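As structure tokens, the structure follows; a few thoughts come after it.
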DNA sequence: GTTATATATTCCTTGACAGGAATATTCCCA
DNA sequence: TGGGAATATTCCTGTCAAGGAATATATAAC
């Protein structure tokens, strides 16, 4: 079972945007704040949430702190989704089967 | 871009559990409350959140209301994840490549 | 129609969280 | 060692969401 902390961390538009930024490579706090038009403290605060929840890691480089994506929590999300993917495939299969049966049914039996 | 409302709806342990229950088929409010040891009003309230956020739908049957999974928002989640899946595959590919190069490298060049 | 059952809604209180502003901390460099 | 740049933290305030309790609504059964 996936924990809800991952979802909580992503339940904020700015943090979602941060992840999308980091998908293209590591960034410093200042860069993130600049690109998202956030004030630096808010950027730091959001990054802290992401850091503690998991989907981000940090690496100090002199007085910069470079944040990177941490892919594991997203993999967990993927794993969690797996169970539901089965459901929608199942349903799709049923629809396919239904359409096939409909096609094979003689026209005069289609009411 | 996925909206954060889906994540918000899932950012609660009880709602996650509700989804997991509904993955096995439709359930009435009372059943959900009972299985999750929730009071009925709280169950209703969580279901309302899920209903408005998307991942659940409802069907009235006499004085019961049967809630079902609505798979579309989870598909959206899946689509959103797709971008990140590319990242982890990419990294995996790089690792594979690295290991391959390592293998092909003559032993006396491995420092 | 009255009663029971299932569900939804309202009101209240409390706790968590986001943003703003100010300040603290850390590290580099001269 | 002092100053500046980058980042983190603290304090404050307003908003929102969750749970509890009580109540309203709807449907079935008699």
Only one of B:65, B:91 is modelled with pLDDT of 95 or more and either out of contact with any helix residue (DSSP H, G or I) (no Cβ under 9 Å at 6 or more places or on another chain) or surrounded by 14 or more Cβ atoms within 10 Å (Cβ to Cβ) (or both); which?
-> B:65
State all residues of region A:56-92 that are more than 14 Å from every other protein chain (Cβ to nearest Cβ) and in contact with a strand residue (DSSP E or B) (Cβ under 7 Å, 6 or more places away or on another chain); if no residue qualifies, say none.
-> A:58, A:59, A:64, A:65, A:66, A:67
Kindly indicate whether residue A:73 is closer than 26 Å to residue B:81 by Cβ, touching a helix residue (DSSP H, G or I) at 6+ places or on another chain (Cβ under 6 Å), within 16 Å of DNA strand D (Cβ to nearest atom) and modelled with pLDDT of 90 or more.
-> no
Among the residues of region B:18-56, count how many are within 22 Å of residue B:80 (Cα to Cα) and either outside any helix (DSSP H, G or I) or within 11 Å of DNA strand D (Cβ to nearest atom) (or both).
-> 8
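One line per residue, one yes/no per condition, for (1) within 9 Å of another protein chain (Cβ to nearest Cβ); (2) in contact (Cβ under 8 Å) with a residue 24 or more places away in the chain:
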residue: A:2; (1), (2): yes, yes
residue: A:7; (1), (2): yes, no
residue: A:13; (1), (2): yes, no
residue: A:22; (1), (2): no, yes
residue: A:27; (1), (2): no, yes
residue: A:32; (1), (2): no, yes
residue: A:35; (1), (2): no, no
residue: A:38; (1), (2): no, yes
residue: A:42; (1), (2): no, yes
Positions within region B:46-62 being surrounded by fewer than 13 Cβ atoms within 10 Å (Cβ to Cβ) and within 23 Å of residue B:8 (Cα to Cα), in sequence order = B:48, B:52
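The values are calculated or read from the model by the stated rules, or taken from the named source; none is laboratory data. What you are looking at is a predicted structure, and each value in this text was computed from that prediction instead of being measured. Please note: Cβ atoms are built from the backbone with ideal geometry, for glycine as well, and neighbour counts cover all protein chains shown.
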